[in-house]
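Down below is the structure, laid out as structure tokens.
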There are 2 protein chains.
Amino acid sequence: MVSGNTIAEVASLIGDAARANMLSALMGGQALTAGELASHAGVTAQTTSGHLGKLAQAHLIAVEKQGRHRYYRLASPEVAHAIHALMAVAADGPKRHHPVGPKDEALRLVRTCYDHMAGRLAIALADSLTGNGYLLLGDGAGLITDEGRRFFCDFGIDLDQLTRSKRPLCRTCLDWSERRPHLAGQMGAALLDRALGVGWISRREETRALRITRAGEIGFADKFRLPSDWRIAPSETLMVRRLPGSSIPAAGTTCRSQD
Amino acid sequence: MVSGNTIAEVASLIGDAARANMLSALMGGQALTAGELASHAGVTAQTTSGHLGKLAQAHLIAVEKQGRHRYYRLASPEVAHAIHALMAVAADGPKRHHPVGPKDEALRLVRTCYDHMAGRLAIALADSLTGNGYLLLGDGAGLITDEGRRFFCDFGIDLDQLTRSKRPLCRTCLDWSERRPHLAGQMGAALLDRALGVGWISRREETRALRITRAGEIGFADKFRLPSDWRIAPSETLMVRRLPGSSIPAAGTTCRSQD
DNA sequence: TCAACGGTTCGGCCGTCGCCGAAGCATTTC
DNA sequence: GAAATGCTTCGGCGACGGCCGAACCGTTGA
């Protein structure tokens, strides 16, 4: 009754097929033009314009003018989170439970998920980080160990910088193609950002799938000590890895939560 | 485009004021009758019936017949999670950012949040658990230490039992009245359940607020070693508590994630 | 300056859906 | 059995909102 009104407004904005398609497209993490969104939604430019106006007014998306183009992106990680949560509900529903993920092999290998990586590479990275004692993974989030902190610093990611933000540092995200967790949150975003920065991966046009460069092939395997078979769909049974006693991070630096 | 259709269906179901109010009411965690939901939504019985039918068909809620009543509840924790996420987006929106939570003092003290406790007591419990080294709280989730495992077992909660389920064991939830994290997930549900079971708290009619019994007053303070001032709204600055080196749980037992 | 292009605004059409009154079942109570 | 209660089904009304064609701005490039 009290906040019900507002959640209804938000949900009803997402609850239109055309808008839902646009938002889903924006879950790729890149800003898209109105035209691109129109084609994703399958409606005309005028209609799209109307939809985008509403979404922007409700602060679900943000706009940026650039020449004669207008680039739209999700307004906040909270919005991405909400859409993700709705996807989870939708997947649970009456429909078949087994279409399990993208047919496109490239998408399964590595793709963007809003602002971080998903797919087998992302899972392999998460496994590697936990296996080497850099990260403790829990139910939907993780803690970075002191060793992990040094590792990331060495990789060019300044965690202290990230900590200043209010946004959760280290979350996990369930991979819909592989049903395994991978890194999200600020850590996940920083990892994607850095990997793009050093040219280990690059974006492709018109798809969320990412390309792994030659440098990336070597770099990831070397720096993260990936097993040689990481491209194979990981078996569920490999999930459990006992980790040796490692130091515990200062509580304060990771004590942020959001839901 | 692929799963967009279905998320639109789900969102549009939530995106009606009457239905949103019903779902919000069900976030209290108790099953409610159609009549109660009708009064929460402010519409007639017929209209309510229609809404409930749609929600049930989409598996957002579940029904249970009991005599001439029909009890409705949220169908799954995923649904609760999605609604919560929508609330977070709605709260962020263009509106005032500062109405901050319930006026009702009882609600601020302790209340249900779907299937677990929220409010100052819940925060104090989470603080106590982390402070005593039973729990490591991260960004949205936590890890239970071996000591914590023993503690919970001693309190009558069998974690091994809980672990069998696929549902996340230990998540956190951001308290909207205090803006601090408290325990959710299976742990949170078990804690509420056990506290009700031993009579430390009891439900009230017509509200999500909980009542702390005399036994609870003593029990919580004693067992969880709560500070004497836990009823006072906790200051943000108390959040950081350095914890001594404590043992790390086996990775496998907590390696479940969902989002 | 003019044409091309991306995007938005306007106006009107049409379908969908929420709403309630009335009637119909089922269960409980007297 | 009859009345009361809780809930659902049916039917029809009304409004909100998505859709597109056409016209309108602003930027870009020749």
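The values are calculated or read from the model by the stated rules, or taken from the named source; none is laboratory data. Note that the structure is a prediction, hence the values are computed from the model and not measured. Positions of Cβ are backbone-derived with ideal geometry, glycine not excepted, and every protein chain shown enters the neighbour counts.
Count of the stretch B:1-20 residues, restricted to those that are surrounded by 19 or more Cβ atoms within 10 Å (Cβ to Cβ), modelled with pLDDT under 95 and more than 13 Å from DNA strand D (Cβ to nearest atom), is 2. Scanning the stretch A:34-51 for residues that are within 13 Å of another protein chain (Cβ to nearest Cβ), of a type in the set (A, V, I, L, M, F, W, C) and surrounded by fewer than 21 Cβ atoms within 10 Å (Cβ to Cβ) yields a count of 1. Of the candidates B:LYS54, B:LYS65, the single residue that is within 12 Å of DNA strand D (Cβ to nearest atom), charged (D, E, K, R), closer than 28 Å to A:MET87 by Cα and not assigned by TED's automatic domain parsing to the domain that holds B:ALA209 is B:LYS54. Given the criteria modelled with pLDDT of 95 or more and either within 16 Å of DNA strand D (Cβ to nearest atom) or among the acidic types (Asp, Glu) (or both), does A:THR47 qualify? Criteria met by A:THR47. Inside the stretch A:52-72, residues that are within 9 Å of DNA strand C (Cβ to nearest atom) and either within 12 Å of another protein chain (Cβ to nearest Cβ) or under 19 Å from A:THR6 (Cα atoms) (or both) make up a count of 3. Contact annotation: residue pairs with Cβ atoms under 9 Å, 6 or more positions apart or on different chains, pairing a residue in the stretch B:36-60 that is in a helix (DSSP H, G or I) with a partner that is at pLDDT below 95 and acidic (Asp, Glu), are B:GLU36/B:GLU206.
Counting only residues that are closer than 19 Å to A:LEU159 by Cα and among the hydrophobic types (A, V, I, L, M, F, W, C), which one in the stretch A:123-139 is farthest from the other protein chains (Cβ to nearest Cβ)? So the residue we want is A:LEU125. Across the stretch A:7-33, the qualifying residues are those that are within 13 Å of DNA strand C (Cβ to nearest atom), out of contact with any helix residue (DSSP H, G or I) (no Cβ under 6 Å at 6 or more places or on another chain) and small (Gly, Ala, Ser), and the one among them that is farthest from the other protein chains (Cβ to nearest Cβ) is A:ALA31.
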